[in-house]
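The values are calculated or read from the model by the stated rules, or taken from the named source; none is laboratory data. Since the structure is predicted, the reported quantities are computational estimates derived from the model, not experimental observations. No Cβ is skipped: glycine too gets one built from the backbone with ideal geometry, and neighbour counts run over all protein chains shown.
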Ligand SMILES: NC(=O)c1ccc[n+]([C@@H]2O[C@H](COP(=O)([O-])OP(=O)(O)OC[C@H]3O[C@@H](n4cnc5c(N)ncnc54)[C@H](O)[C@@H]3O)[C@@H](O)[C@H]2O)c1
């Protein structure tokens, strides 16, 4: 391994890689020597992240992928295989909040609508299932790999907001443990990451509004929001061989929120 390159010679695929935590992870993984495939529905921002990585001397590609569509997974994985030839790291970061367009929470369960529930579950939970399924198929050929599924602190604890989001992230948490148990003997590790309140385009509408941000800050013992790099650093550890004896684990990165 070259000095300072923790992912040398590895190939990583990152869903949700066009923005926020996924994009920051893509930049960081590339900086550490990985070839990175960014998969997203945002065909405007995705190629821009690829351009940034390439300008910095890294290797990257963009592929359109709706993480909830099995047909698109088949095509996307084939495109990554054609370009990079193997897959060592899968970071499933694509996600939706399920909030209303103005950033307010979805209604309580009694008033919630099935369409919202199905969409949140399709992207956040089914997307992770499909991402793990297609990664496993490649990693069995490669002789092992690391799958990192982004859950949330809201996959561990509840809140009065967005029950569908909690359900989807809780699904990611226990699904990851089950997949970890199934593939441990074949060298495929599956771990979940649980970010607390992080500044990103997803949370901007809340974090930029002092009234909405205040209760979240009050819930965070460290007193400030996380940045995408704080989560990307945890993903880098799980992606690298430094975490080679970790599988089925939950990495909480939340400024202390779930400690109290
Ligand atoms: N920001 C936070 O506070 C926070 C906290 C906990 C967990 N998370 C999780 O982290 C992950 C990344 O979120 P973020 O904060 O970077 O938000 P973000 O909105 O910046 O990034 C989400 C990305 O997912 C993509 N995406 C949405 N639907 C998709 C689909 N169907 N197929 C493929 N891509 C799709 C979006 O285009 C976007 O690029 C999400 O899973 C989110 O739930 C975020």
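Quick one: which residue in 259, 171 is over 20 Å from residue 26 (Cβ atoms) and within 20 Å of the chain's Cα centre (by Cα)? Give the derivation first.
Details: 259 fails: within 20 Å of the chain's Cα centre (by Cα).
After ruling out the rest, the residue left standing is 171.
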Worksheet, complete the sentence: Scanning the range 219-245 for residues that are under 17 Å from residue 21 (Cα atoms) and more than 16 Å from the ligand (Cβ to nearest atom) gives 237
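Hey, can you tell me all the residues within the range 146-161 that are outside any helix (DSSP H, G or I), under 15 Å from the mean Cα position of the chain (by Cα) and within 16 Å of the ligand (Cβ to nearest atom)? Before the answer, list the steps.
Filtering the range 146-161 for residues outside any helix (DSSP H, G or I) gives 146-152, 156-161.
Then drop every residue that is not under 15 Å from the mean Cα position of the chain (by Cα), which leaves 146-152.
Hits for the range 146-161 are 147, 148, 149, 150, 151, 152.
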Worksheet item: Taking the range 191-227, which residues are closer than 20 Å to residue 98 by Cβ, in contact (Cβ under 8 Å) with a residue 40 or more places away in the chain and not in a loop (DSSP other than H, G, I, E, B)?
Response: 192, 193, 194, 195, 198, 205, 206, 212
Worksheet item: Just checking, which of 164, 171, 181 is in a helix (DSSP H, G or I) and exposed (fewer than 13 other Cβ atoms within 10 Å of the Cβ)?
Response: 181
Worksheet item: Which number in (1) within 12 Å of the ligand (Cβ to nearest atom); (2) buried (at least 17 other Cβ atoms within 10 Å of the Cβ) marks the one condition that residue 132 misses?
Response: (1)
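Taking residue 60 as the residue in question, decide whether it is buried (at least 24 other Cβ atoms within 10 Å of the Cβ), more than 24 Å from residue 183 (Cα to Cα) and away from the ligand (no atom under 14 Å from the Cβ). It would help to see each step written out before you state the result.
Working: buried (at least 24 other Cβ atoms within 10 Å of the Cβ): yes; more than 24 Å from residue 183 (Cα to Cα): yes; away from the ligand (no atom under 14 Å from the Cβ): yes.
Yes, satisfied.
Just to check your reading of the model, which residue among 124, 42 is in a helix (DSSP H, G or I), within 13 Å of the ligand (Cβ to nearest atom), within 17 Å of the chain's Cα centre (by Cα) and within 13 Å of residue 16 (Cβ to Cβ)?
On the way: 42 fails: in a helix (DSSP H, G or I).
Only one candidate qualifies: 124.
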Worksheet item: Which condition number in (1) without any contact (Cβ under 8 Å) to a residue 40 or more places away in the chain; (2) more than 15 Å from the ligand (Cβ to nearest atom); (3) more than 16 Å from the chain's Cα centre (by Cα) is the one that residue 188 fails?
Response: (1)
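Conditions (1) within 16 Å of the ligand (Cβ to nearest atom); (2) surrounded by 18 or more Cβ atoms within 10 Å (Cβ to Cβ); (3) assigned to a loop (DSSP other than H, G, I, E, B), marked per residue:
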site	(1), (2), (3)
7	no, yes, yes
28	yes, yes, no
51	yes, no, no
77	yes, yes, no
87	no, yes, yes
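Within the range 184-202, how many residues are surrounded by fewer than 20 Cβ atoms within 10 Å (Cβ to Cβ) and touching a helix residue (DSSP H, G or I) at 6+ places or on another chain (Cβ under 9 Å)?
Narrowing the range 184-202 to residues surrounded by fewer than 20 Cβ atoms within 10 Å (Cβ to Cβ): 184-187, 199, 201-202.
Still in the running and touching a helix residue (DSSP H, G or I) at 6+ places or on another chain (Cβ under 9 Å): 186-187, 199, 201-202.
Residues in the range 184-202 being surrounded by fewer than 20 Cβ atoms within 10 Å (Cβ to Cβ) and touching a helix residue (DSSP H, G or I) at 6+ places or on another chain (Cβ under 9 Å): 5 in total.
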Worksheet item: Is it fair to say residue 83 is away from the ligand (no atom under 14 Å from the Cβ), under 26 Å from residue 184 (Cα atoms) and either modelled with pLDDT of 95 or more or within 17 Å of the chain's Cα centre (by Cα) (or both)?
Response: no
